[in-house]
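The structure appears below as structure tokens.
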Amino acid sequence: MKNVQYAVVWRRLATVLAVAVLTLSLIAAITGILLAFYYEPTAGGAYESLRLINTEVTNGWLIQNLHSVAGNGLIVISLIQIVVMFLGERFRSSWLTAWISGILLTLTAIALGWTAMILSWSQLGYWRFKIELETIQAIPLIGPALREILTGGSVSTVTVEHLYTLHSYLLAIGAVLLAVIHLVSLLFQEKEAKQADVGSTNLDAELS
Ligand code: HEM
């Protein structure tokens, strides 16, 4: 009986967190699109455009902060979700779909945070990116090619454009899609569990 109650708690918590994850993804995507109206993806220009968004554009600071909070919040909540789903494990196909989409979403959220590092063209982002590029380059076989794809040669405007494209098209669309798949599979799991509960109640009634 106690195990059944725990299972319901974990299941519900996972569904609530999936709603939070989709909400955060949508907030990040919408505020990202709003930032794109004024953001300039060039070396130097990126820093200046973000400064203008923060100081001159009406509610620009709010949009930028919302984007940052939603983007970083997505990483935190999706990491917590992996633990919650692990504790409430149920080896059904809907659970497995939610588990796999949850892990892929967490990796995508981390990649979104990582690609944003150079988008601000700040001192901290620039030097952190340079250091991390050395690590990427050291990966056997694919390292140098990966560095070339990310930077387009040296760290310059082309690099900002490459990472901006990855961030705002590929990864952002991927994150929203994964968040939808994740929530739908958890809602499906709720439905399956409810049907199983009704089935066992009917069986109890027939036996008594
Ligand atoms: C699911 C969608 C998205 C997520 C989760 C996401 C996440 C993030 C994160 C974590 C940051 C770093 C913020 C910080 O730490 O200050 C960031 C920055 C940024 N993102 Fe996104 N993003 C998304 C979509 C987009 C889209 C669609 C665009 C543009 C079309 C965009 C443009 C930017 C820009 C310009 C920055 C740099 C702003 C800054 O450094 O303050 N993002 N994003």
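The values are calculated or read from the model by the stated rules, or taken from the named source; none is laboratory data. What you are looking at is a predicted structure, and each value in this text was computed from that prediction instead of being measured. As a convention, Cβ positions derive from the backbone with ideal geometry for all residues, glycine included, and neighbour counts pool all protein chains shown. Remember, those area values only see protein heavy atoms, side chains included, never the ligands or the DNA or RNA. Shrake-Rupley method; radii C 1.70, N 1.55, O 1.52, S 1.80 Å.
Look at the stretch 137-154: where a residue is over 18 Å from residue 115 (Cα atoms), no partner that is β-branched (Val, Ile, Thr) and open to solvent by less than 70 Å² (accessible area, probe 1.4 Å) sits 6+ places away or on another chain with Cβ atoms under 8 Å.
When you check residue 33 against the structure, is it surrounded by 14 or more Cβ atoms within 10 Å (Cβ to Cβ) and at pLDDT 95 or above, yes or no? For residue 33, the condition - surrounded by 14 or more Cβ atoms within 10 Å (Cβ to Cβ) and at pLDDT 95 or above - is not met. When the residues of the stretch 153-169 are filtered to those that are among the polar types (S, T, N, Q) and part of a loop (DSSP other than H, G, I, E, B), which remaining residue is modelled with the lowest pLDDT? Looking at residues that are among the polar types (S, T, N, Q) and part of a loop (DSSP other than H, G, I, E, B), I get 154. Scanning the stretch 106-152 for residues that are in a helix (DSSP H, G or I), under 30 Å from residue 182 (Cα atoms) and within 16 Å of the ligand (Cβ to nearest atom) yields a total of 10. When we screen 93, 49, 101 for residues that are open to solvent by less than 70 Å² (accessible area, probe 1.4 Å) and within 27 Å of residue 191 (Cα to Cα), the only hit is 101. When you look at residue 28, is it surrounded by 14 or more Cβ atoms within 10 Å (Cβ to Cβ) and either in contact with a Lys or Arg (Cβ under 6 Å, 6 or more places away or on another chain) or over 26 Å from residue 176 (Cα atoms) (or both), yes or no? Spelling it out, it is not the case that residue 28 is surrounded by 14 or more Cβ atoms within 10 Å (Cβ to Cβ) and either in contact with a Lys or Arg (Cβ under 6 Å, 6 or more places away or on another chain) or over 26 Å from residue 176 (Cα atoms) (or both).
Pairing residues of the stretch 45-70 that are away from the ligand (no atom under 12 Å from the Cβ) with residues that are of a type outside the set (S, T, N, Q) and open to solvent by 40 Å² or more (accessible area, probe 1.4 Å), at Cβ distances under 6 Å and at least 6 apart in sequence or on separate chains, gives 57/38.
Could we say that residue 187 is part of a helix (DSSP H, G or I) and within 16 Å of the ligand (Cβ to nearest atom) here? Considered against the rule, which asks whether it is part of a helix (DSSP H, G or I) and within 16 Å of the ligand (Cβ to nearest atom), residue 187 comes out as no. Of 151, 159, all but one fail to be within 24 Å of residue 29 (Cβ to Cβ), open to solvent by less than 80 Å² (accessible area, probe 1.4 Å) and of a type in the set (Val, Ile, Thr); the exception is 159. Within the stretch 107-118, residues that are at pLDDT 95 or above have Cβ atoms under 8 Å from residues that are assigned to a loop (DSSP other than H, G, I, E, B) and more than 8 Å from the ligand (Cβ to nearest atom) in these pairs: 118/155, counting only partners at least 6 apart in sequence or on another chain. Looking at the structure I just gave you, is residue 53 modelled with pLDDT of 95 or more and farther than 30 Å from residue 154 by Cα? It is false that residue 53 is modelled with pLDDT of 95 or more and farther than 30 Å from residue 154 by Cα.
Looking across the stretch 164-176, just one residue is surrounded by 15 or more Cβ atoms within 10 Å (Cβ to Cβ) and either farther than 30 Å from residue 149 by Cβ or more than 10 Å from the ligand (Cβ to nearest atom) (or both), and that is 166.
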